[in-house]
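J.: My structure is below; once you've seen it, I'll send some questions.
The values are calculated or read from the model by the stated rules, or taken from the named source; none is laboratory data. Remember, it's a predicted structure, so these values are computed and weren't measured experimentally. Positions of Cβ are generated from backbone atoms using ideal geometry, with glycine treated the same way; all protein chains shown enter the neighbour counts. Please note that ligands, DNA and RNA were not included when accessible areas were found on the heavy atoms of the full protein model with its side chains. Shrake-Rupley method; radii C 1.70, N 1.55, O 1.52, S 1.80 Å.
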Amino acid sequence: MADVKQWLIEAETVRREGRLKDSAELYERVASEETDALRAGHARRHAAEIWIKNGQVSEGRAAIASVMEVYRAREVQGLELANALRVQGLAAEAAGELAEACAAWEEAGRLYEKVGVAEGAAEAKRRLAKMTAA
């Protein structure tokens, strides 16, 4: 387990340094080796977001889909689910799947409001407004 913790620290460090590919690979390594499904999902969510930002949309979509499958099965709620829905929205948007993106952003926005994360709720509203105006 010590390796997983170290990889997580490294993933966060290289992400801050702008080494996105290295960071995504480390987050994915954490997710692959982590024995707790929710902690693995958290790491994989980070990898998914990075891949999407890096233009690797199919990788990001596959990763966030696996996260959402675990989160829905485990009935994850609150901020963790909102953050995953945010990444799902980004992935769907990047793939041009606007109906899926809108659904993810709507649910994320409601959850962000519920847990009091104004910045997340505002981002969801901006994204929805942009997509519905298009």
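J.: Give the accessible surface of the chain per residue, rounded to a whole number of Å², with probe radius 1.4 Å and ligands, DNA and RNA excluded.
T.: Per residue, the chain has an accessible area of 54 Å².
J.: At what distance in angstrom do the alpha carbon centres of region 93-123 and region 1-66 lie from each other?
T.: Centre-to-centre distance over Cα atoms comes out at 21 Å.
J.: Rounding to the nearest 20 debye, state how big the charge dipole of the chain is about its Cα centre with +1 on each Lys and Arg Cβ and -1 on each Asp and Glu Cβ.
T.: In debye, rounded to 20, the chain gives about 360.
J.: When all C-alpha to C-alpha distances in region 1-58 are sorted into bins of 5 Å, what percent of pairs does each bin hold, rounded to whole numbers?
T.: Pairs per bin, as whole percents: 4, 24, 33, 23, 11, 4, 0.
J.: Let me ask something else. Counting other Cβ atoms within 10 Å, keep those with at most 15, restrict to DSSP loop, and tell me which trypsin sites (Lys or Arg not before Pro) in region 26-101 are left.
T.: Arg74
J.: Normalising by the residue count of region 13-134, find the relative contact order in percent from Cα pairs under 8 Å and 6+ residues apart. Kindly include the intermediate steps, with their values, before the conclusion.
T.: Working: 159 pairs, mean separation 20.3, N = 122.
Rounded, it is 17 percent for region 13-134.
J.: Starting from the Kirkwood radius over alpha-carbon pairs of region 65-107, derive D by Stokes-Einstein at 25 °C in a medium of 0.890 mPa s and give it in µm² s⁻¹. Kindly include the intermediate steps, with their values, before the conclusion.
T.: Numbers: Rh = 10.2 Å.
D = 240 µm²/s.
J.: Sort Leu98, Leu81, Leu26 by accessible area with a 1.4 Å probe, largest first.
T.: Numbers: Leu98 75, Leu81 0, Leu26 25 Å².
Largest accessible area first, the list is Leu98, Leu26, Leu81.
J.: May I pose another question? Below 12 angstrom from the Cβ of Glu119, what's the summed charge of the other residues (Lys, Arg +1; Asp, Glu -1)?
T.: Taking every other residue near Glu119 into account, the sum is +1.
J.: Above 17 angstrom, tally the Cα pairs of the chain and express them as a % of all pairs, no decimals.
T.: Numbers: 5167 of 8911 pairs.
Percentage above 17 Å: 58.
J.: Could you compute the net charge surrounding Ala31? Neighbours are other residues with a C-beta less than 10 Å from the C-beta of Ala31; K and R count +1, D and E count -1.
T.: So the surrounding residues net to +1.
J.: So what's the back-of-envelope 222 nm ellipticity for the chain, counting only DSSP H runs of four-plus at -39500 (n - 2.57) apiece and dividing by all residues, rounded to 500?
T.: Details: 7 runs with 114 residues, N = 134.
Estimated from H runs of four or more residues: -28500 deg cm²/dmol.
J.: What are the ³J(HN,Hα) couplings of region 40-56, residue after residue, when phi is run through the Karplus curve with 6.51, -1.76, 1.60 and θ = phi - 60°? Round to Hz, x for glycine and proline.
T.: My calculation for region 40-56 gives 5, x, 4, 5, 5, 4, 4, 4, 4, 4, 5, 4, 5, 4, 7, x, 8 Hz in order.
J.: Excluding Leu81 itself, calculate the net charge of residues whose Cβ lies under 11 Å from the Cβ of Leu81, where each Lys or Arg counts +1 and each Asp or Glu counts -1.
T.: Net of charged neighbours comes to +3.
J.: Order Ser32, Ser66, most accessible first, counting only protein heavy atoms with a 1.4 angstrom probe.
T.: The most accessible residue leads, giving Ser32, Ser66.
J.: Which chymotrypsin sites (Phe, Trp or Tyr not before Pro) from region 24-97 combine a DSSP loop assignment with at most 14 other Cβ atoms within 10 Å?
T.: Listed in order of number, the matching sites amount to none.
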